[in-house]
Amino acid sequence: NQASAGKVPVPDQLVFEEAAGLVPVRLLREGGTVIGGELTAPEPLSRRAQAPPDRAAACLSLQTDDVRMDAHAPQVVSVGLPFLVVELGSRDALRRANPNREAWSGFLPLDGAMAIYAYTRQVGREAPESDCDLQARMFTSRLTEDPATGSATAAATALLAELQGVANLSLRVGQGVDMGRPSLLLARVQPQAGAVTVHVGGQCVMVMEGAFHLDGAASPAEPSGLFLDRAGQARDVVLDEERVEDGDGQGAEQRAGHQRAPMVDVGLDQLGHHADRRGLGLG
């Protein structure tokens, strides 16, 4: 296509096909280099079932009085994917949170939610936590933790905006600190075209790159897809290896093999795309 041939620039917005639906992602650039992205939630806020605080606390191996109730009870909320959102009363409680398999399996899923997003307004006094409005943790249905979850952050931000009765709200949300993978998500709620939209973004760190070879595509010996390089420029590539970088930026080459997956529709035919999700948290 024309982008592959270098006749048109890579668009400023991509569209990801996620479980939540089609999610627009605006690329953030600095000096012509892509440094991150900002997603727009695919749905307006929906508030669903509430959870008894003792059951929510038990799922997180906490006591009932660790759950803060003055703003809202634990509740399933969604702007595309449902999460049980639980406010905790202290940073210590958030730090102590740990999924309890027995309590979890006996209570979830609840109204579509299979994961818990716990947050607190009590942030640390030292940077980088002191620069945040909230600290959060997200535990998946597999009882694992995610370092950055855009879909959950978007849902929680929309909930807080509605509870405060405001159409504009911006939050700096820290996540992943307690698992050793600190992330900063920038969330904002704003009116747009007669509706309230939610956006979550941040800078990204490369942790993995690779290629997909699709049925009916060019042979592995030929270019098989259009990708964004680290400068955000389109290029045709075939990669048989996957590069994984650890926290200190050191990389190791691993054989990836050929995988098959649908391309991402970005309005320029079917544009193959690779991007890091660590900072963006597409969830």
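Read the figures in this text as sums done on the coordinates, not as results from a lab. Quick caveat, the model's predicted, so the values are computed rather than measured. FYI the Cβ positions are ideal-geometry reconstructions off the backbone, even for glycines, and counts take in every protein chain you see.
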FRET efficiency estimate (nearest 0.05) - Cβ-Cβ, Glu102 to Glu30, R0 51 angstrom: 0.60
Virtual spin-label span in nm between Asp131 and Met114, 7 Å along Cα→Cβ: 3.5 nm
Three-way shape label, the range 88-195, alpha-carbon gyration tensor, a/c 1.5: oblate
Packing-based ranking, highest mean first, of 50-57, 9-16 given that Cβ atoms within 10 Å are counted: 50-57, 9-16
For a label point 7 Å along the Cα-to-beta-carbon line of Ser170, residues of the range 176-196 with backbone N under 13 Å: 186-190
